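Asker: Structure provided below as structure tokens; questions to follow.
The values are calculated or read from the model by the stated rules, or taken from the named source; none is laboratory data. The shown structure was predicted, so the numbers you read here are calculated from the model rather than taken from an experiment. Backbone-built Cβ (ideal geometry, glycine too); neighbour counts: all protein chains shown.
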Amino acid sequence: MGYFGFILIILIIIILASMIILTKGIKFIDTFVVIMTALMALSFDMIYCKQLATYHYVSYDNSGINSLIVGLLVFPSIWIIFISYKPKSKVNTILYILLWSMILTVLEIYVTKPYNIVLYPKWEIIPWSPIVYVLSFVLLLGYRNFIYKKIN
């Protein structure tokens, strides 16, 4: 499936995020977090994809370009989808983060890996992917709360 699956997943995620922006809108604060999400994704990919070669998107030859596409489009879109349905209570937010981390990990195991959308020469999906997802969501929510306090 390779590039077709890669492009298909990107389009689906961008369309979902766009629909949310058009119907619900996006808070001013979340635009800062979208930028931070892109920076986090690009930084992480620079280290783990390019430097350590633990995983690659679709091919080994174009992994830098593919990482750039994912960092600038996919992860910010995932954040928009994630934040638009985030519950208000802390307990439900913790469960929500765990649910998202589980869903994204299952997506990796059953879609991106078998269809060669992401190649994993050194990365172990379990335990690393869920840990990275949980940490990323917690850091981004912390950053969002920080920005919210500074603006208000």
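Asker: Counting just the residues of region 16-33 that are in a helix (DSSP H, G or I) and closer than 18 Å to Lys149 by Cα, which one comes out farthest from the chain's Cα centre (by Cα)? Talk me through it step by step, then tell me what you get.
Answerer: If we filter region 16-33 for residues that are in a helix (DSSP H, G or I), which is where we start, we get 16-24, 28-33.
Next, only the ones that are closer than 18 Å to Lys149 by Cα stay: 28-33.
Values: Phe28: 20, Ile29: 18, Asp30: 15, Thr31: 15, Phe32: 15, Val33: 12 Å.
Across region 16-33, the extreme among qualifying residues is Phe28.
Asker: Restricting attention to region 114-122, does a residue exist that is among the β-branched types (Val, Ile, Thr), at pLDDT 95 or above and surrounded by 15 or more Cβ atoms within 10 Å (Cβ to Cβ)?
Answerer: No; the residues of region 114-122 include none that is among the β-branched types (Val, Ile, Thr), at pLDDT 95 or above and surrounded by 15 or more Cβ atoms within 10 Å (Cβ to Cβ).
Asker: Same structure again: Return the total of residues in region 103-125 being in contact with a helix residue (DSSP H, G or I) (Cβ under 7 Å, 6 or more places away or on another chain) and more than 22 Å from Ile7 (Cα to Cα).
Answerer: Of the residues in that region, 0 qualify.
Asker: Which number in (1) among the aliphatic types (A, V, I, L, M); (2) in contact with a Ser or Thr (Cβ under 9 Å, 6 or more places away or on another chain); (3) without any contact (Cβ under 8 Å) to a residue 60 or more places away in the chain marks the one condition that Ala38 misses?
Answerer: Status for Ala38: all satisfied but (2).
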